[in-house]
Every structure is written in C-alpha cells, then in structure tokens.
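The values are calculated or read from the model by the stated rules, or taken from the named source; none is laboratory data. Source: prediction; values computed, not measured. Note: ideal-geometry Cβ built from the backbone for every residue, glycine included; neighbour counts use all protein chains shown. To get the accessible areas, we keep the full protein, side chains included, count just its heavy atoms, and leave off ligands, DNA and RNA. Shrake-Rupley method; radii C 1.70, N 1.55, O 1.52, S 1.80 Å.
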Amino acid sequence: MVTLAEVAQHAGVSASTVSYVLSGKRSISANTRQRVERSIRELGYHPNAGARALASSKSNIIALMVPLRTDMYVPVMMEIAIAVATSARAHGYDVLLLTGEEGPDAVRRVAGSGIADGMILMDVELDDERLPLLRETDQPSVLIGLPADTSGLTCVDLDFRATGALCVEHLAKQGHQDIAVIGEAPAVYERHTGFAERTLEGLRSRSRELGVRLLHRPCEGGYDAMAVTLARILDERPGTSGLIVQNESAVEPLLALLRQQGRAVPEDVSVVAICPDQVAMQASVRLTSVAIPAQEMGRHAVDHLVAKLDGRGSDEVVLIAPELTVRGSTGPAPSRS
C-alpha cells in the first residue's frame, strides 16, 4: 500500500502539503497541486477512508434504503439500486445498501451516526412514516417515489399517473370498452404504495374521461392466484377485451391461462403491461408496454443528491414521462357480434 509520506517524497513536498491537497482545507499553488495529483495517479495512492472521513467530516457514502418485501418485484428494485451505485461511483461516492423494513429507525440511525453523507429512499408510500423524521434532519436526501405531500422533499419517479392514463388511451383508441387491470399484490395497496396508487388514479381518471368501463383486481402473482383473478374478472365482466397488467409475476401465468382458454392475443384479448422492457420482450407474446426507466430514475436521484451535497441543489419533483411501445399483444377490439 502506498503511503501519504511516499506521495510527498515522490512529489517533492511535505506530507502536510499532500494532506492539504486532498482535504482542500488550505490554498495550494496550482503548480504544487498538479505535482501532488500527478504523484497520486502515478503511485496509485488511495487515501484511507476512515482517516479521510475524520479529516473532512465526510464519509463519501450514500445510504440507499430499499426494503426488499416479498410482495414487490425485486429485480426492478435491484436494477434501480445498481443504477444508483454506478452513478454514485462516477461522482466519487460509495453506496451503503439498507434492505431491512426498519422505517424511521433506519433514517434515525443514518442521520445520527454520520455513517453517510446523504440518503436515497425507495419504496415510498403516500403517507410514508419515514418522512416526518427526514424533514427534521438536515441531512440531504432524495426519494425515488412520490408521497402524497412532497413539500420540503426532492422526489424522482416515473409519472405513474400519466402511465395509467396512457395505457387506457391506447386500448380505447383500439375500440376496447371493457378493460380490466391486473394489479400488484393486495398488500401493496394496503400500504398505499405511491407508484401503485398513482397508476390507479391515472387509469380511473382517464377511463371516466373516455367513457371506458374499468375493473381493477389486485393479484398475488403466480399461476394459481392469476387463475382465480382472471376467472373473477371474466365472471364479473364477460365482455372484457383489454387487460392492463401492473404485476411482473402475473404476466406469464396470464398469457398461459389465456392460451388454455382459447383466447388469442391480440385477436380476442389485448394485453398492455407496465414492466421492464426485458419482461415485455421475453414474454411468450411480445407485450405492448410502458417501461420502468430504472437506469434513469437511479441516475437522476444520485445527480440531485450530489447537487445537494455540493450546496447546489434545491427541493423539487422530477417526473419522467412514460413511453408506450407497441408490440404484438394489442390490436383492435373484437366484434361484439
């Protein structure tokens, strides 16, 4: 391991000068700074993280709070987490991943310990119990998700309300008048998770405007649960010709059940999914879908948090506009004759 003293010797300066270059606590001439930085690069010197944190009162760590619940589609959560980690590294930060369901205790622990310079919170609920404490602390933070009250917060998310509206519009333009929504697991709605609730708002509002009948049924995902949910939908609304799926675990079981019942996609039933492109492309029928922009969400969250840490950021809400990609799962509504 290269030491600070070796860097100083290589650059022809004192150890304290190297320390000042690293910490920025004193003004150093441009020529001297360049010599020190060149020596650091050539020797491959990496300052001790603990010592650097003590010297600068910074940890260069971002805490990412992402509760991994069984009723959520973990691959999407982890794709966002990886995007956060990659973007953070580009800014010179490492990421501390907190996956427990600790609620306010996790915020209190991070804010009180100084273990991280800032926080990014995921799986945000409309009335998230972490937010009162988050507003009280002076530690910079960003939410990936949208609560009911965004005052005093910086939030980044896909515009899920517009996403729901876009899905209804697409099916309505194809002539579908009876549309059913296969939603997330019931617990997601019981927690009033922001993305699910806002999607539902968009679906219902646009359906009323377009005069389309809409039915929403939560689903645990998996074949058995999907079989029960589909049977209920077709029993309650036999004329249903359009399905919107916001549940990645239900996608393939739904398509399998439709095949078994002799319902062709899209000739008899059209299907739109709100899911990652990978899920839509690899399904047994390539699905018309609105993608979850995980990379963009993670990158925006980090950029806004780093801006706050640098004293440049302000509280704002960033909503990413949804994009619907038409593939092979949607078509004109079948004739009612």
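Okay, here's what the table says:
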| item | result |
| --- | --- |
| Flag for Leu68 being touching an Asp or Glu at 6+ places or on another chain (Cβ under 7 Å), assigned to a loop (DSSP other than H, G, I, E, B) and more than 17 Å from Lys308 (Cα to Cα) | no |
| Pair list, Cβ under 6 Å, 6 or more apart: region 177-189 residue under 14 Å from Val251 (Cβ atoms), other residue not aromatic (Phe, Trp, Tyr) and not in a loop (DSSP other than H, G, I, E, B) | Val181/Leu203; Val181/His216; Val181/Ile244; Ile182/Val245; Ile182/Ala250; Gly183/His216; Gly183/Pro218; Glu184/Ala196 |
| Any hit, region 19-26, residues being out of contact with any Lys or Arg (no Cβ under 6 Å at 6 or more places or on another chain) and modelled with pLDDT of 85 or more | no |
| Filter pass, Leu146 being among the aliphatic types (A, V, I, L, M) and under 18 Å from the mean Cα position of the chain (by Cα) | yes |
| All positions within region 98-129 that are among the hydrophobic types (A, V, I, L, M, F, W, C) and either in contact with a His (Cβ under 7 Å, 6 or more places away or on another chain) or closer than 20 Å to Thr193 by Cβ (or both) | Leu98, Ala106, Val107, Met119, Ile120, Leu121, Met122, Val124, Leu126 |
| Within region 231-250, considering residues that are assigned to a loop (DSSP other than H, G, I, E, B) and among the small types (Gly, Ala, Ser), the one most open to solvent (accessible area, probe 1.4 Å) | Gly239 |
| Candidates Pro322, Pro266, Pro253, filtered to the one that is of a type outside the set (Val, Ile, Thr), open to solvent by 10 Å² or more (accessible area, probe 1.4 Å), part of a loop (DSSP other than H, G, I, E, B) and farther than 30 Å from Arg89 by Cβ | Pro266 |
| Residue list for region 167-184, restricted to those being out of contact with any Cys (no Cβ under 7 Å at 6 or more places or on another chain) and crowded, with 21+ Cβ neighbours inside 10 Å | Cys167, Val168, Leu171, His176, Ile179, Ala180, Val181, Glu184 |
| Pairs with Cβ under 8 Å, 6+ apart, first in region 1-26 and more than 16 Å from Gly44 (Cα to Cα), second exposed (fewer than 14 other Cβ atoms within 10 Å of the Cβ) and not charged (D, E, K, R) | Ala15/Ala5 |
| Those residues of region 4-18 which are polar (S, T, N, Q), surrounded by fewer than 19 Cβ atoms within 10 Å (Cβ to Cβ) and closer than 22 Å to Asn60 by Cα, in sequence order | Ser16 |
| Considering residues of region 116-158 that are part of a loop (DSSP other than H, G, I, E, B) and of a type in the set (A, V, I, L, M) only, the residue most open to solvent (accessible area, probe 1.4 Å) | Ala148 |
